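Novice: Got a structure here, written out as structure tokens. Questions coming.
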Amino acid sequence: MTDVRELLPLYALGLLEPAEAGIVERAVARDAELAAELRAYDRAADSLLAVAPTARPSAAVRERLIASLAAGRFERFAAGIAELYDVAIDRAREILGLLDDPAERKPAFPGASLLHFAAGPACAGADTGFVILAPGARFPWHQHDGDEKVLCLQGTIIDDDGTVYGPGDIQVKAPGTAHEFQAGPDEELIFAARVFGVRFDGAKPSTDGAI
């Protein structure tokens, strides 16, 4: 879930869609501290507008601004997505923008959905897309036939070895490795994955000490 505080400066500048603007308005109506923060952003926006040049920005500047907005709340991951999927930065922003369209998500198993898309030439033969897990949901045991690289965008990944990955962390698994993992309990987990072959038919090793 997006932190309302992240929306306050965009609200002050009039850059939010109606639905997000409504979220801000309802939140500040309930929270005096948020309302005070918004007033501060309003004052800052007024100051910026007062000293802003009257000339219109060039077409190139406008296009860069629009492109940066395409990635929405995940803009800070655009460069990482471009590298992971071997695509241009503008395409990476388009890919990230898909996450805010529920229609793009396809159910996979209880508590999980997938969002697939085409990647660049270096990803030929790989499964590429986003995986979304509900808080606490578990991704089942699986084996990697090829390498897997994962970039966490939101929430936490709790691997079966106890390692915890958060936003911005990268997890790499070599061919022949196997594992399972779970989403953290506090928020929806979203991660980008590039996988060169994966199987779910292998048996999970027993942990009860039996031979």
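All of the numbers you see were taken from the coordinates with simple rules; none came from a lab. Predicted model, so just to flag it, every value in this text is computed and none were measured. Cβ: placed from backbone, ideal geometry, glycine included. Neighbour counts: every protein chain shown.
Novice: Could you line up 115, 153 from fewest to most neighbouring Cβ atoms inside 10 Å?
Specialist: With the fewest neighbours first, 115, 153 line up as 115, 153.
Novice: Here's another thing I want to ask about it. Using alpha carbons only, what's the Rg to Rh ratio of the stretch 102-211 with Rh from Kirkwood?
Specialist: Checking Rg against Rh, the ratio lands at 0.97.
Novice: Now for a different question. Report the normalised scattering of the stretch 4-52 as log10 I(q)/I(0) at q = 0.14, 0.15, 0.18 Å⁻¹, calculated by the Debye formula with identical scatterers on the alpha carbons.
Specialist: For the stretch 4-52 at q = 0.14, 0.15, 0.18 Å⁻¹, log10 I(q)/I(0) is -0.31, -0.36, -0.50.
Novice: Once the principal axes of the Cα atoms of the stretch 83-125 are found, what is the range along each, listed largest first in whole angstroms?
Specialist: Projected onto its principal axes, the Cα set of the stretch 83-125 covers 32, 23, 13 Å.
Novice: Would you mind pulling out the separation of the Cα centroids of the stretch 1-45 and the stretch 167-182, in Å?
Specialist: The two parts, judged by their Cα centres, are 37 Å apart.
Novice: Set Lys and Arg Cβ to +1 and Asp and Glu Cβ to -1, take the dipole of the stretch 144-211 about its Cα centre, and tell me which of 153, 172, 183 lies farthest positive.
Specialist: Of the options given, the answer is 172.
Novice: Sticking with this structure for a sec: Provide, for q = 0.14 Å⁻¹, the log10 of I(q)/I(0) from a solvent-free Debye sum over equal Cα point scatterers in the stretch 65-156.
Specialist: -0.54
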